[in-house]
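Report on the following structure.
The values are calculated or read from the model by the stated rules, or taken from the named source; none is laboratory data. Since the model is a prediction, treat every value here as computed from it, not as a measurement. Cβ sites come from the backbone with ideal geometry, for glycine too, and all protein chains shown count toward neighbours. Side chains included, ligands, DNA and RNA excluded: accessible areas come from the protein's heavy atoms. Shrake-Rupley method; radii C 1.70, N 1.55, O 1.52, S 1.80 Å.
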2 protein chains.
Amino acid sequence: MKISDFFIQTFREAPAEAQVISHRLMLRSGLIYQTCNGIYTWMPLGLKVLSKIEAIIAYEQNKIGCNRILMPTIQPANFWIESGRYNDYGKEMLRIKDRHDKDLLYGPTHEEVVTDLARRFIKSYRQLPTIFYQISWKFRDEIRPRFGVMRGREFLMKDGYSFDIDQKSAINSYKKIFFSYLKTFKRIGLKPIPICAASGAIGGNLSHEFHIEAKTGESEIFYDYTYDEIDAQKGIENVAFEEIEKIYTAADEKHNSTTCKVPPTRLKSSRGIEVGHIFYFGRKYSESMNLVVAGKDGHPFFPEMGSYGIGVSRLVAAVIEANHDEYGIIWPDAVAPFKVVIITTQNNNEQADTLAERLYQKLLSANVDVLFDNRSERAGVKFSDMDLIGIPHQIIIGAESVKNGNFEWKERRSGIRSNLTFDETVSRAAGI
Amino acid sequence: MKISDFFIQTFREAPAEAQVISHRLMLRSGLIYQTCNGIYTWMPLGLKVLSKIEAIIAYEQNKIGCNRILMPTIQPANFWIESGRYNDYGKEMLRIKDRHDKDLLYGPTHEEVVTDLARRFIKSYRQLPTIFYQISWKFRDEIRPRFGVMRGREFLMKDGYSFDIDQKSAINSYKKIFFSYLKTFKRIGLKPIPICAASGAIGGNLSHEFHIEAKTGESEIFYDYTYDEIDAQKGIENVAFEEIEKIYTAADEKHNSTTCKVPPTRLKSSRGIEVGHIFYFGRKYSESMNLVVAGKDGHPFFPEMGSYGIGVSRLVAAVIEANHDEYGIIWPDAVAPFKVVIITTQNNNEQADTLAERLYQKLLSANVDVLFDNRSERAGVKFSDMDLIGIPHQIIIGAESVKNGNFEWKERRSGIRSNLTFDETVSRAAGI
């Protein structure tokens, strides 16, 4: 993509109310802006990152046989009256009356809607186990939205729901999702830490949160260094669930430093951003909403359910919190809006332009996800813009390039620069 | 995809309130169901079709250099007060108060939000022309939602907005979108008819509707047969805008049979489903919302704007209205949930199963978008299900196949059957 055909607008300053680094960098690099309090518009560059994260999540969900659906954003209140949560949910639920004075709401989560779906579509044990998921916009009317898309009001969430014939099968579904989530976060370029959690307002009796470490995380988390050691050795996603369960992990509210059995020298404490949360909650919704399925023996039963969430828009901020420096964002390759950028430093130089165009066309034909910064701005402006928006690999076409046909390749993360020939440049870019 | 790993549930009957054929077929084939009045959930099969249509639209938009963004579903009322439309819009607008008693609304369209976007991001004439678009869920609180997703309350729409320095440039953007829309609808497998339109509530002075012919269309449309002749000869998308403008087309409210200059024998009258609508409306929003841009001469000016919509979820219904028979849906290849289905008719036959599995694996490795109906249902049930859900190409593995290794290939639309060898089957499927 040539930058002349792609809408990019960066800003020198972020508004003072943007406190955390990811929020400041997202505003400065023009990924998003606030349309109204806690509600954001995604600009082309930001939407590309969001879509790449969405695609990775969908890929891993599909791989384990989850069925993608799409439930509406607007829900009828009566489902929540049936489940008994309508009055419990409080002011975070955006309640709406339609023109006929019917009570609706903007879904903060979809347990009720998906249970209603199941009562229409699932009639027999032979249709189980089944896991449905969607990636869609939710609304929670936070009293004080803050940190940009980290705690916005309208947010993109992947939410999944499992239906099983019994507890054993339900826990099997739970574990499938558990490992799928570990792989998802790793594929994005993050290190996930699953933490045993008391279940929140959603109810249930088995639950894990998935955290990403970052200085600005809202929760304090504690875990045994063994986790890092095993992860480094085998990859945590390749270890049995029962082994992972033995490793101590806890969030603030469950950790007690006097009773904790992990010796202080083995205990890591850091701050975490919660990016996923999974629950097994049994028959809470199937019973209250009368989801009845015919069993193998002909007798009807209430399926066992679980729900599984990932904060998709929040992940964009979490990735930045975990991947930036003083100059801006450093995208992991997997979610970068573009993997490679070509920067020309010689304006009004026909030879440089020809060389850049030739390289650009060659990279396009090699299917490289490349941005070509062909603006007639000063080199310094281009460098700082490209560092800010965080394209991970930069190919710089300078005065030397015109003479010898070579390029400077700069790694955004390490700052390491190499001199490469045309062919070396193409093969390196194609190999990313 | 094996049907055992994919959630499909068909129904023998559609509820009596489903009047039009597309609505009946969408419910019977389990593409969607109604979560509450005029609000639908998309099941896996339906969502696949919706996503394919969305991808085609995005592809054609990107090809002409439109920038994809994503604006929020919830908007602040104050933008609409600025533009002067807040009181005009009436009860179709879903109005909401948040916990702080602020007036919000669920966006029925996004002229105001995108004009606000432009005032933040577009400062100079050098950033123009620019066209932004999004594909996102809208809400219109229809008094009587009907015909399923054809006139639902929550619906998926592609909406685009152009910004130009002057009228000439704005009309150029308008024409670019006009042809992009013709190509989009053709790529989906439909025949679009652009109709000159008086502009509606949205305001403006140049406007076209795009209609698809179907018996159940809500509007009566009239056009000169010349349109069909030129389309057949050259493809209407390859004809100059000025030439197309000369061909008479009109919807009911603009057509007058006594004054119409087209001779009755050359005038075609049919019913149309409106699937797209484009407007050029000048400075209506830039002036009312004070979108000011610095011109080449240094003087500030109000950009010229246009807006461009496609009803994405409605298109699913429109495609079915234009492509079905007494047995069910007949998807055009481009938007079929799967292009090919393998149907085994021999249950408990190990040889048939092995042959089917071998063919399935071969098609997967040839990147064929294939569904494998491996259920142990009677052949008749499978045939009627696959006819109903409308997979365009069926490969049938019967008793003969076990003997001679050949397959029956059935075209869903024409009913034409051929006997093909294993290799012929693979190469025909790969060529679709």
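A few remarks follow.
- The simple spin-label model puts a point 7 Å past each Cα toward its Cβ; for A:ARG358 and B:ASN290 those points are separated by 5.3 nm.
- Packing here is the average count of other Cβ atoms within 10 Å per residue, and on that basis the peptides A:208-215, B:261-268, highest first, run A:208-215, B:261-268.
- Among A:VAL370, A:GLY311, A:ILE343 - extreme Cα towards positive end, dipole of region A:230-378, charges at beta-carbon: A:GLY311
- q = 0.21 Å⁻¹, region A:108-246: log10 I(q)/I(0) [Debye, one scatterer per Cα]: -1.52
- Normalised contact order of region A:84-151, rounded percent, pairs of Cα under 8 Å and 6 or more residues apart: 37 percent
- Charging the Cβ of each Asp and Glu at -1 and of each Lys and Arg at +1, and nothing else, the dipole of region A:1-108 about its Cα centre rounds to 300 debye.
- Applying 1/(1 + (r/R0)^6) with r as the Cβ-Cβ distance of B:GLU17 and A:ILE81 and R0 = 25 angstrom yields a FRET efficiency of 0.55.
- Among the residues of A:285-298, the average count of other protein chain beta-carbon atoms within 10 Å of the residue beta-carbon is 0.
- Percent of C-alpha pairs per 10 Å bin in region A:1-144, short distances first: 9, 27, 29, 24, 10, 2.
- Leading residue at positive end of dipole, chain B (Cβ point charges), from B:ILE395, B:VAL239, B:ILE122: B:ILE122
- Take the convex hull of the alpha carbons in the protein assembly as shown; its mean projected area over all directions comes to 40.6 nm².
- Here region B:338-430 was treated as a single set of alpha-carbon atoms; its pair distances binned every 5 Å from 0 give 3, 15, 28, 28, 20, 6, 0 percent.
- Accessible-area composition of the protein assembly as shown, carbon plus sulfur, in percent [1.4 Å probe]: 48 percent
- Note on the protein assembly as shown: with charges restricted to the Cβ of Lys and Arg (+1) and Asp and Glu (-1), its dipole about the Cα centre is near 40 debye.
- Degrees, to the nearest 10: B:312-322 long Cα axis against longest axis of chain B: 50 degrees
- Computed over chain A: relative contact order in percent, which uses C-alpha pairs under 8 Å that are six or more apart: 17 percent
- Virtual paramagnetic centre 7 Å along Cα→Cβ of B:ARG126, amide N under 11 Å, in region A:340-379: A:375-378
- Förster-model FRET efficiency, 56 Å R0, B:SER4 and B:ASP297, C-beta, rounded to 0.05: 0.25
- In terms of distances greater than 26 angstrom between alpha carbons, the cross-link table entries B:LYS186/B:LYS215; A:LYS52/A:LYS168; A:LYS176/A:LYS246 yield A:LYS52/A:LYS168.
- Given in Å, the Rg to one decimal and the Dmax to the nearest whole number for the Cα atoms of region A:3-325 are 20.5, 68.
- The long axis of helix A:44-63 is offset from the longest Cα principal axis of chain A by roughly 50 degrees.
- Within the shell of other residues whose beta carbon sits under 12 angstrom from the beta carbon of B:PRO392, the net charge comes to 0, with Lys and Arg scored +1 and Asp and Glu -1.
- Whole-number Å³ per residue for the convex hull built on Cα positions in region B:198-272: 117 Å³
- Charge context of A:VAL402, other residues only, Cβ under 12 angstrom, K/R +1, D/E -1: -2
- Å² per residue, accessible surface of region B:369-432 at 1.4 Å: 44 Å²
- Legend: mean number of C-beta atoms from other chains within 10 angstrom of residue C-beta atoms, peptide B:98-104, equals 5.
- Take the Cα of A:SER51, step 7 Å toward its Cβ, do the same at B:ALA55, and the gap between the two points is 1.2 nm.
- Lys, Arg +1 and Asp, Glu -1 on Cβ, resulting dipole of chain B about Cα centre, debye, nearest 20: 440 debye
- Along principal axes, Cα extents of region A:180-304, largest first, whole Å: 56, 31, 27
- Percent breakdown of C-alpha pair distances by 10 Å bin, ordered from the shortest bin, for region B:278-432: 10, 30, 22, 9, 8, 10, 8, 3, 0
- Rounded to 10°, Cα long-axis angle of helix B:350-365 versus longest principal axis of chain B: 30 degrees
- Semi-axis lengths, Å, region A:297-385, gyration tensor of Cα atoms, sqrt of 5 times eigenvalues: 46, 19, 8
- Inter-chain neighbour count for A:83-95: the average number of beta-carbon atoms from partner chains within 10 Å of each residue's beta-carbon is 1.
- Of the peptides A:349-356, A:36-43, the order by per-residue mean of other Cβ atoms within 10 Å, starting with the highest, comes out as A:36-43, A:349-356.
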